[in-house]
Amino acid sequence: MTNLLQLLIDALLMGGLYALMSVGLSLGFGVVRIINFAHGEFVMLGAYGAYWALTLLHVDPLLALPFLIVLGYLGGWLLFRGVVAWVLKAPALNQILLTFGIALVLQHIAVVLWTGDVRSAMPEYALSTTIIGDVFVVHGRLIAFLVAGTLIAALTTWLRYSETGRAVRAVAQNHDAAILMGINPGRIYALAFAMSTALGIASGAIVSFLINITPFMGFSILLKAVAIVILGGLGSIAGTVISAFILAIAETMVAYYVPEGAGWTEGVAFAVIVGILLVRPRGIIGSALAT
């Protein structure tokens, strides 16, 4: 029973982080209809931003988070207007190659600026723990879960209740009908892409004190995020959150109960995808921006 409780706690905390890492990718695809292969590099940039804020300015990653989100939003908006907007009507292969090229450029810029050395932000709470009986909770993971939950709840509330959020959902669900209602799709595309980028940056700031930071960390994060988004249903925010927790539970169970299971966690993601998509080919929810 103790092992089961510890497993559930670890899976819950991991699931919140997975959800935040993936929800930005889901938002971008649900509205712009482009799978952004540079999303992992946005997470990487957010992690470096939090690391340098702590190292050079002695600013805690959580305090730097709002500023990083704003910078991520502005950077995403400029990137969309300057580059991505030009391929909206291009074949899907062109869109994939463009975002993959952006990822490579960002990765190599990080190598040139910061080398390939492994780094990690280490605020005081990163590794401290609370022990209750035989169960322990790492404060860094708990804080990351709470911040991730707050950001996802804020995004969902904004999409559901604000006028701009409803416009985003309208464009995602029916582009032509949204135009007839007076909505400017170009503005909404830029807004959604910028918010997707900002969420990626926010994810990076949170993981900066949980995992090692390198210029190459984005690829593995992208694979996990793509797996979660496909599992939940492309473009579905609710499906992404649900699938993030399903994947976290599956990975944690394998790590706990399978010999040397920690080495199998990457394969678990795709095994779960195959199993669920055989039953539900469109994913768990499978509708754009279902909340």
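The values are calculated or read from the model by the stated rules, or taken from the named source; none is laboratory data. What you see is a predicted model, and the numbers here were worked out from it, not measured in a lab. Methodologically, a virtual Cβ is constructed for each residue, glycine included, from the backbone with ideal geometry; neighbour enumeration extends over all protein chains shown.
Things to note:
- Helices (runs of 4 or more DSSP H) wholly inside region 59-171 containing at least 3 residues that are touching a residue at least 24 places away in the same chain (Cβ under 8 Å) and within 16 Å of residue 20 (Cβ to Cβ): 61-82, 139-161
- Residue count, region 4-48 (criterion: part of a helix (DSSP H, G or I) and either out of contact with any Gly (no Cβ under 7 Å at 6 or more places or on another chain) or at positive phi (or both)): 25
- Number of residues in region 55-67 that are touching a helix residue (DSSP H, G or I) at 6+ places or on another chain (Cβ under 6 Å) and surrounded by fewer than 24 Cβ atoms within 10 Å (Cβ to Cβ): the value is 3.
- Residue 216 touching a helix residue (DSSP H, G or I) at 6+ places or on another chain (Cβ under 8 Å), under 16 Å from residue 14 (Cα atoms), among the aromatic types (Phe, Trp, Tyr) and not in a helix (DSSP H, G or I): no
- Of the set (1) farther than 30 Å from residue 125 by Cβ; (2) of a type in the set (A, V, I, L, M, F, W, C); (3) part of a helix (DSSP H, G or I), all apply to residue 183 but (3).
- Residue list for region 1-48, restricted to those being more than 14 Å from the chain's Cα centre (by Cα), surrounded by fewer than 24 Cβ atoms within 10 Å (Cβ to Cβ) and among the aliphatic types (A, V, I, L, M): 1, 4, 5, 7, 8, 9, 11, 12, 13, 34
- Odd one out for residue 45 among (1) out of contact with any helix residue (DSSP H, G or I) (no Cβ under 9 Å at 6 or more places or on another chain); (2) modelled with pLDDT of 95 or more; (3) not hydroxyl-bearing (Ser, Thr, Tyr): (1)
- From the list 181, 195, the lone residue that is buried (at least 22 other Cβ atoms within 10 Å of the Cβ) and hydrophobic (A, V, I, L, M, F, W, C) is 195.
- Subset of region 214-239 [surrounded by fewer than 24 Cβ atoms within 10 Å (Cβ to Cβ), closer than 21 Å to residue 109 by Cα and β-branched (Val, Ile, Thr)]: 214
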